[in-house]
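The values are calculated or read from the model by the stated rules, or taken from the named source; none is laboratory data. The structure presented is a predicted model; accordingly, all values stated were derived computationally and were not measured. Note: ideal-geometry Cβ built from the backbone for every residue, glycine included; neighbour counts use all protein chains shown.
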Amino acid sequence: MAETENKKIKIGWFTFSCCEDNTIVMTEVMNDHWQEWKKIFDFRHARVLKANNILDELDIAFVEGAIASEDHVNKLKEIREKSKKLVAIGACAIVGMPAGQRNYFSEEQKKEIEFLTARFAALPKVLRVSDVVKVDAEVPGCPMDPNKFLEAVNKLVSEFKS
Amino acid sequence: MHTFDLNLDRLSKVEGSASLDVCVKDNKVLSVHFKITEYKRFFTEAMKGKPILALPQLLARICGTCSNAHLLCSIEACENALNIPLSEQTRELRNLTMHGLMIRDHALHLYIFSMPDIYGKDAFLDFDENNPEEHQILHDAFEIKAAGNFLATLVAGRSVHAVHPTVGGFLHFPDQAGIEEAVKKLEAVRPAALRLIEIYKKAPFHFDRKTNFMALVPKKYDYLHGVIIDSKGNQIPEEQFRDHLEKMVLSYSQASAYKHEGEPYMVGALARMNLAKDRLHPKTKETLGLTLDIFPSTDIFHNNLAQAIEILDSINDSIDILSNKKFEPEPVTKPVYKEAIGIGVIEAPRGTLYHKVRVGADGMVKEGEIIVPTGQNQINIEEDIHRLVEELVPNMEKEKIAFEIEKLIRAYDPCMSCASHFLKVNWKKS
């Protein structure tokens, strides 16, 4: 049993600043693929799916959301260090929007929210995932396109199997 | 006597990011802080200066799972501001959009988030395919979710950030083949919905508490129309909603909480079932019979049972609409701009959702406000945790108490993506 577990591809699913639309789409893609995923994936870290989450060594880390704080930066760097492949998922992770809409506020609007960003130790500017770490693959969309996501997953799975 | 601080850093199997701090001294609970820790994305600031026709798609991005609820609520607010009438067909297509949302969103919560608690598992995918009972539950879960997803996609274009509903109508209409396929899929999962209702009827968790319930009560059980009523019999006119919901700023949370007449209240499936069960689809009432006598209920865990019943009801009503209505292409009503305020009130999966928009004569948004269900339930949640911990603390170790708290929070089905992002915030590291 332990050996079979070890052979599974270790998956992490991480969410930063966003609306979690890609998480929802992933759980919908799961409707048709759960039996296959149950066999080949070990979901090590996915708070939406389980309580006991472990961040040790991951084969694939899926990251949705933009990076809004120093804590986010540090967490993302840790994920990168511990993952063989890192996939940025959805518009907020890839282009930083719309989570980073405050980056484009007028000076007046920026002043209005200044006390809030300061109080929460938010970064002066919301970042894309690729501003912080190396990204191996991207699945664009708002939310991500389920077919593009499956393409990316299948490509990575075949790499890990070979 | 126990004295400890309990910090649940990030709750799992809920939508979004939240943490909890409980402080206990000599078996007395000194404080409970349910903290929403999502970073703000400033939607109510970002909406200023946007063309009103683009507003619903922007505000859908507040939340992934409740996306289509925000979309339809914002559309309603915009249409009310612009005096755009609603056609009968648009009304039915929007009802179907909501049904698709309820089916897939409630199923996500009941199976993926809550079911592992009942079966003593960590994750839903840990259920064993070789055990006949668990095998059935696994298949039921993904088939119900898929049927809801199919319905939402057929009618609204996508189940997340849908592209067909728009201010003034719909941009695309379901085709006959798709309608037949949807009816087939919905019929096929009805037995699964009944099994789900049985599971939550027998579920061993209970937490009884008196509270005021509030919901938009419709003529026929839907999620878009009706009058706001509470369980004391008060009726709140939509245009005056803001005078009845008192905002409470919690220094430790990214979101605001609300009271009504100085007291906490609860919104969501339990509130709806308590206030409107007699409006359910005739087939739902006939099938469930005495089960509906459970409501009105003050057991918070019956929120799960109420959601399961809503899945069945959405299946029944969707089949009814899809089998009896013909959908023809209909032009989108064009707006005439004027200075105005519009309010949208709907029942999102987790409870009453309010969108308010003020638009200028140039069709640009001047400002707006949004009140989401989780903000309205926040004070109830904290009060419940307070009592739960005090009841458990003499005889239970801290780790087990933490699990009991998580179970109770999951029964409320909170949504943190919704709850943050526009309201006053205070981020404090635990």
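If you take the residues in segment B:333-380 that are of a type in the set (K, R) and in contact with an Asp or Glu (Cβ under 8 Å, 6 or more places away or on another chain), which one is nearest to B:E239 (Cα to Cα)? Only one residue fits best here, namely B:K356. If you go through segment B:94-101 one residue at a time, do you hit one that is touching an Asp or Glu at 6+ places or on another chain (Cβ under 9 Å) and hydrophobic (A, V, I, L, M, F, W, C)? Yes, the conditions are met somewhere in segment B:94-101. Of the residues that make up segment A:110-130, is at least one basic (K, R), in contact with a strand residue (DSSP E or B) (Cβ under 7 Å, 6 or more places away or on another chain) and away from chain B (no Cβ under 14 Å)? Within segment A:110-130, one or more residues are basic (K, R), in contact with a strand residue (DSSP E or B) (Cβ under 7 Å, 6 or more places away or on another chain) and away from chain B (no Cβ under 14 Å). Per the conditions (1) more than 14 Å from chain A (Cβ to nearest Cβ); (2) closer than 18 Å to B:L93 by Cβ, the sole criterion not satisfied by B:F150 is (1).
Screening A:K75, A:K50 for residues that are surrounded by fewer than 23 Cβ atoms within 10 Å (Cβ to Cβ), within 12 Å of another protein chain (Cβ to nearest Cβ) and in a loop (DSSP other than H, G, I, E, B) leaves exactly one candidate, A:K50. Can you confirm whether segment B:29-51 contains a residue that is surrounded by fewer than 24 Cβ atoms within 10 Å (Cβ to Cβ), closer than 29 Å to B:S318 by Cα, touching a strand residue (DSSP E or B) at 6+ places or on another chain (Cβ under 8 Å) and at pLDDT 95 or above? No, the conditions are met nowhere in segment B:29-51. Filtering B:Y252, B:Y258 for residues that are surrounded by 14 or more Cβ atoms within 10 Å (Cβ to Cβ) and not in a strand (DSSP E or B) leaves a single hit, B:Y252. Take A:V135 and decide whether it is more than 22 Å from A:T27 (Cβ to Cβ), more than 13 Å from every other protein chain (Cβ to nearest Cβ) and not in a helix (DSSP H, G or I). Here the answer is yes, as A:V135 does meet what is asked.
In segment B:94-120, of all residues being within 9 Å of another protein chain (Cβ to nearest Cβ) and over 14 Å from B:L151 (Cα atoms), the one that is surrounded by the most Cβ atoms within 10 Å (Cβ to Cβ) corresponds to B:L108. Restricted to segment B:248-270, and to residues there that are within 25 Å of B:V357 (Cβ to Cβ) and at pLDDT 85 or above, the residue that is nearest to the chain's Cα centre (by Cα) is B:G268.
A single member of B:Y200, B:Y223 is within 25 Å of B:A411 (Cα to Cα), touching a helix residue (DSSP H, G or I) at 6+ places or on another chain (Cβ under 6 Å), assigned to a helix (DSSP H, G or I) and at pLDDT 95 or above, and it is B:Y200. Among the residues of segment B:154-178, those identified as part of a helix (DSSP H, G or I) and either touching a Cys at 6+ places or on another chain (Cβ under 9 Å) or crowded, with 20+ Cβ neighbours inside 10 Å (or both) are B:L154, B:V155, B:A156.
Being within 11 Å of chain A (Cβ to nearest Cβ), out of contact with any Pro (no Cβ under 9 Å at 6 or more places or on another chain) and at pLDDT 90 or above, is that true of even one residue in segment B:61-71? Yes, some residue in segment B:61-71 is within 11 Å of chain A (Cβ to nearest Cβ), out of contact with any Pro (no Cβ under 9 Å at 6 or more places or on another chain) and at pLDDT 90 or above.
Annotation note: of A:G65, A:G12, the sole residue that is more than 10 Å from chain B (Cβ to nearest Cβ) and either under 25 Å from A:G141 (Cβ atoms) or surrounded by fewer than 16 Cβ atoms within 10 Å (Cβ to Cβ) (or both) is A:G12.
Yes/no per residue for (1) crowded, with 17+ Cβ neighbours inside 10 Å; (2) at the interface with chain B (Cβ under 8 Å from one of its Cβ atoms):
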site: A:I24; (1), (2): yes, yes
site: A:I40; (1), (2): no, no
site: A:I60; (1), (2): yes, no
site: A:E70; (1), (2): no, no
site: A:A88; (1), (2): yes, no
site: A:A91; (1), (2): yes, no
site: A:Q101; (1), (2): yes, yes
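Annotation: B:P165 fulfils all but one of (1) over 16 Å from B:H99 (Cβ atoms); (2) in contact with a Lys or Arg (Cβ under 7 Å, 6 or more places away or on another chain); the unmet one is (1).
Yes or no, residue by residue, for (1) within 11 Å of another protein chain (Cβ to nearest Cβ); (2) over 29 Å from B:I144 (Cβ atoms); (3) under 22 Å from the mean Cα position of the chain (by Cα); (4) small (G, A, S):
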position	(1), (2), (3), (4)
B:T3	no, yes, no, no
B:T37	yes, yes, yes, no
B:E45	yes, yes, no, no
B:K48	yes, yes, no, no
B:A54	no, yes, no, yes
B:A77	no, yes, yes, yes
B:P85	no, yes, no, no
B:E92	no, no, yes, no
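In the set (1) at negative phi; (2) buried (at least 24 other Cβ atoms within 10 Å of the Cβ), the condition left unmet by B:D413 is number (1).
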